[in-house]
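Student: Can you read through this structure? Questions will come right after.
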Amino acid sequence: MNDHTVQIASEKNGKPVGSTKMTVSDDGKTLTTEWSFVSESGKEGSGKSVSERVGEATAGANKISGTWKTGNIEDISASVLTITFKATEDGLSMTDPMGDSGK
C-alpha cells in the first residue's frame, strides 16, 4: 500500500479466506496488525495486535521489515480465544470453537 503499510489477502480455491493489514507508526517503533479470516467451517474470526520493534529497521526496505515483539492482542473475536488440546496415542490433537482441528 505504501512504505508504512502492507495488506495481505489470502484465498483458498479462489475464495477469500483472510486478510491481514500491517501498519508501522510514523516513528517506526510500533507495528499494528489487524486480521480477519473465515475458517474451513465458515465461522469468522478477527483481532488486532500491537508489537514493538526489536533492533534496527532494515535499511532500504518497507518499514514493516525487521524483527518485532508482539505485545497486546486486542479486539479479538471470541471464536479465537479458546483452543482445546488433548493428549492422544499419536501425540497431541487440537480443536477450537471455529470447528478447526488437527494433530
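The values are calculated or read from the model by the stated rules, or taken from the named source; none is laboratory data. None of the values given here were measured: they were computed from a predicted structure. Counting neighbours? That spans all protein chains shown, and the Cβs are built from the backbone with ideal geometry, glycine included. Each accessible area value is taken on the protein alone, full model and side chains, heavy atoms only, with ligands, DNA and RNA left out. Shrake-Rupley method; radii C 1.70, N 1.55, O 1.52, S 1.80 Å.
Student: Which option, (1) 1.06; (2) 0.93; (3) 1.11, is the value of Rg/Rh (Cα atoms, Kirkwood Rh) that was calculated from these coordinates?
Tutor: Here the calculated entry is (1).
Student: Something else: Working out 0.36 nm times the residue gap between ASP3 and SER46, then minus their Cα-Cα distance, what length gain in nm do you get to one decimal?
Tutor: In short, 13.0 nm is gained.
Student: Let me ask something else. Any idea how far apart MET94 and LYS21 come out in nm if each label point goes 7 Å out from Cα toward Cβ?
Tutor: Label at MET94, label at LYS21, 2.7 nm between them.
Student: What net charge is computed for the residues neighbouring VAL6, neighbours being all others with C-beta under 10 Å from the C-beta of VAL6, Lys and Arg scored +1, Asp and Glu -1?
Tutor: +1
Student: DSSP loop (so not H, G, I, E, B), at most 16 other Cβ within 10 Å: list which GluC sites (Glu not before Pro) in the stretch 12-103 pass both filters.
Tutor: GLU40, GLU56, GLU89
Student: Given the pairs LYS12/LYS69; LYS12/LYS43; LYS12/LYS86; LYS29/LYS69, which are separated by over 18 angstrom at their Cα positions?
Tutor: Among LYS12/LYS69; LYS12/LYS43; LYS12/LYS86; LYS29/LYS69, the Cα-Cα distance tops 18 Å for LYS12/LYS69; LYS12/LYS86.
Student: Stretched out fully, how many nm does the piece from THR58 to ILE73 gain, at 0.36 nm a residue minus the Cα gap?
Tutor: 2.9 nm
Student: At a 1.4 Å probe, what is the % contribution of carbon and sulfur to the accessible area of the chain?
Tutor: The computed percentage sits at 50.
Student: Moving to a separate point now. Tell me, Kirkwood radius of the stretch 1-50 from alpha-carbon pair distances, in Å?
Tutor: The Cα-based Kirkwood calculation yields 11.9 Å.
Student: Just the number please: accessible area per residue for the stretch 1-93, 1.4 Å probe, all protein chains included, in Å².
Tutor: 70 Å²
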